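First comes the structure, then the notes that go with it.
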Amino acid sequence: MESATAPATATTAVEKKVNKGKKKQDVKKMYVPHARLNESSRPWARHVYLIIREFAPSLLKEEAVIDAYNAFAERLEKYEGVLVTYVPARHSRYKQGIVFESLTFHRYLDGAIPGYFRDETELWRRPELKQVHAAIIEDIKNAYKPLYDLFKRVVVPPMEKKYHDEHVKARAPRIRTDIEGWERAMDHEKTRHERAVEYEEKRHKETMERYHEVLHQNIQDLHTLLHAFTPTVFPDTD
């Protein structure tokens with residue numbers, strides 16, 4: 001009985017090991033561009049990955065998300081040497097290159113794809129490049145859309161909320177400082193105006209008093225002039 005039981009136990013252990021190896025092989029991997037990758041078309045894919053990891057990390061284990069992400073990254077890699085993308089700076093990472101509905105290709109607009117074409121400086125003499133660029137962007141957006149549809153409902157709302165909160169945190173103190181500054185300016189202007197009014201009233205009062213004195217003196221002078229006639233009196237010699 002003991003000799004029959006031992007091989008069965010050994011076989012079970014081997015099967016478990018084999019099955020474990022198969023499971024490892026079956027696990028799909030998300031191919032995320034390296035953080036130090038520069039002057040490449042792929043860093044935008046890393047930016048998308050970082051946003052998903054921050055707001056919905058559990059999605060990164062879903063097979064559909066992994067497949068859609070890898071297809072998007074591969075599409076970016078297709079334009080290596082033509083397109084350069086990057087991971088946006090901290091102040092714009094929650095508003096750039098994520099929301100599909102606002103994706104443009106202008107690095108100075110909110111929501112823009114974080115990147116540029118290597119030959120965009122040639123547009124002035126090769127206007128046909130504009131259509132080529134538009135076709136490439138459309139191709140990339142078509143690859144991004146399936147991935148975006150998988151994460152947008154659980155990623156975009158909290159991402160936009162965090163951007164709003166950080167924007168408020170950064171801007172509110174400056175605005176409060178501006179408000180305090182304008183309040184001080186208004187108080188200064190009010191004080192200046194009150195002092196100016198006080199000065200003008202005092203000057204007006206002094207001027208009117210001086211005018212009154214001069215007027216009174218002139219009236220007296222006129223009265224004296226009119227009544228100061230004294231005719232010559234001749235003695236009665238008759």
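Readers should treat all values here as calculations from the given coordinates under stated rules, not as data from a laboratory. On a predicted model such as this, the values are computed, not experimentally measured, just so you know. Neighbour counts are summed over all protein chains in view; Cβ atoms, including those assigned to glycine, are modelled from backbone coordinates with ideal geometry.
Using a 10 Å cut-off on Cβ atoms, rank the peptides 202-213, 133-144 from the highest mean neighbour count down.
On the way: 202-213: 10.1, 133-144: 15.6.
Top to bottom by mean Cβ count within 10 Å: 133-144, 202-213.
Which of the peptides 156-167, 214-225 is most tightly packed, and how do the rest follow, judged by the mean count of other Cβ atoms within 10 Å per residue?
Packing order, densest peptide first, comes out as 156-167, 214-225.
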Amide H partners (placed H, <5 Å) of Ser40, local residues excluded = Thr85
Using the Karplus equation 6.51 cos²θ - 1.76 cosθ + 1.60 (θ = phi - 60°), what ³J(HN,Hα) coupling, rounded to whole Hz, does each residue of segment 184-200 give in order, writing x for Gly and Pro?
-> 5, 5, 5, 4, 4, 5, 5, 4, 4, 5, 4, 5, 5, 5, 4, 5, 5
Within the set Lys95/Lys152; Lys28/Lys61; Lys61/Lys152; Lys28/Lys141, which residue pairs have Cα atoms separated by over 18 Å?
-> Lys28/Lys141
Any residue on another chain or 5+ positions along whose placed amide H is under 5 Å from the amide H of Val82 is listed here as none
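Please report Rg over Rh for segment 27-155, where both radii come from the alpha carbon positions and Rh follows the Kirkwood definition. Kindly include the intermediate steps, with their values, before the conclusion.
Values: Rg = 14.4 Å, Rh = 14.9 Å.
Taking Rh as the inverse mean 1/r over Cα pairs, Rg/Rh reads 0.96.
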